[in-house]
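Single-structure report; data block below.
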Amino acid sequence: MSIASIAQSESLLDRTLEIYNNRNNRVKIVNARDEIRFFENYLLAKLRCLSLNNFFLVYKKFVPNIIPLTTTIFGTINNQINKRKPGEFCWPLLKRLTENFVNSRCAYLDKLGFSMIEQLREVRPNQHLSIEETKEYFKLCEGLINVIEEIDARREYLEQKRKKEEGILVEEEELNLAAVKEEKIKNELVDENVLSNEFYVEDRRLF
C-alpha cells in the first residue's frame with residue numbers, strides 16, 4: 001500500500017485492494033482497527049491520484065459504508081480541497097463530506113467544526129453552483145450550524161451540571177466538617193461540665 005501510495009499509481013492501489021479482498025488472501029487483517037486503517041490509507045492514497053470529481057466516486061463507496069469519517073480522513077480531504085483551489089471544485093464531494101461530518105465524531109471537535117464552516121463559507125453560489133445546488137448549499141449550512149449549536153449547548157449543559165454537582169459535594173463536605181466541629185465542641189463542653197461538677201462536689205465535701 002505504501003509503495004503504491006508513494007508512486008501515486010491508481011492501478012497499483014486497485015491491485016492492492018484486489019489482493020486484499022481475494023478469498024485466497026491468507027494475510028487478511030483480522031483486527032477491526034487495522035482494517036479501518038487499511039481502507040483509510042487506500043482511500044487517501046486514491047485522493048492523491050485522482051481529481052476531486054473522480055475521487056468523489058470512490059469516497060461515497062467507502063464513507064460511511066465501509067469505514068467511518070475519521071479525523072484523519074476529514075483533515076486530509078480538507079487540506080487537499082484547499083490546496084487545489086481555485087482550479088478544482090467539486091460540490092458533490094463537499095456536500096457529502098459535510099453530511100458525513102455532522103453525523104460523525106468529528107463534529108465534536110471545535111477545530112474541525114471551524115474548518116468545515118470555512119469550507120462552506122468560501123463557496124460562491126453564484127459562481128460555483130446551480131440554482132438547485134444553491135438551495136442544497138444553504139440547507140447544508142443551516143444544518144451544520146444547528147448541529148454545532150446543539151453540541152455547544154449540550155456541552156454547556158454538562159459543564160453546568162458538573163459544576164452544580166461539584167458545588168453540592170463541596171457544600172455537603174462543608175456541612176459534614178461543620179457537624180464534626182460542632183460535635184467536637186459539644187464533647188469538649190461536656191467534658192468541661194463534668195470536670196466542673198466533680199470539683200464542685202469535692203468542694204462541698206470540704207465544708
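Nothing in this text is a laboratory measurement; each read-out follows from the coordinates by a stated rule. Owing to the predicted nature of the structure, the values given are computational and were not obtained by experimental measurement. For neighbour counting, all protein chains shown are included, and Cβ atoms are generated from backbone atoms with ideal geometry for every residue, glycine included.
Below, the figures for the structure above:
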read-out: Length gained when the stretch D152-K83 is fully extended (0.36 nm per residue, less Cα-Cα span); value: 21.8 nm
read-out: Reciprocal mean inverse distance between Cα atoms of the stretch 48-114 - Kirkwood radius, Å; value: 12.2 Å
read-out: Over 26 Å (Cα to Cα) - which of K61/K95; K83/K111; K111/K164; K161/K181; K163/K184 fall in this group; value: K111/K164; K161/K181; K163/K184
read-out: Proximal charge balance of R162 [Cβ under 13 Å; K/R count +1, D/E count -1]; value: +1
read-out: In nm, spacing of pseudo-spin labels at I66 and K135 (7 Å Cα→C-beta vector); value: 3.4 nm
read-out: Residue-by-residue Karplus 3J(HN,Hα) for the stretch 94-100, coefficients 6.51, -1.76, 1.60, Hz, glycine and proline x; value: 5, 4, 5, 4, 5, 4, 5
read-out: Options N176, Q119, L129, ranked by Cα towards positive dipole end of the stretch 88-184, top entry (Cβ charges); value: L129
read-out: Rounded to the nearest 20 debye, dipole of the stretch 118-180 from Cβ charges on Lys, Arg, Asp, Glu; value: 280 debye
read-out: DSSP-loop GluC sites (Glu not before Pro) across the stretch 41-124, with at most 16 other Cβ within 10 angstrom; value: E88, E122
read-out: Quotient of Cα Rg and 2.2 N^0.38 Å for the stretch 108-169, N being how many residues it contains; value: 1.62
read-out: Summed side-chain charge close to F114 - residues other than F114 whose Cβ falls under 13 Å, Lys, Arg +1, Asp, Glu -1; value: -2
read-out: Packing-based ranking, highest mean first, of 58-64, 144-150, 80-86 given that Cβ atoms within 10 Å are counted; value: 58-64, 144-150, 80-86
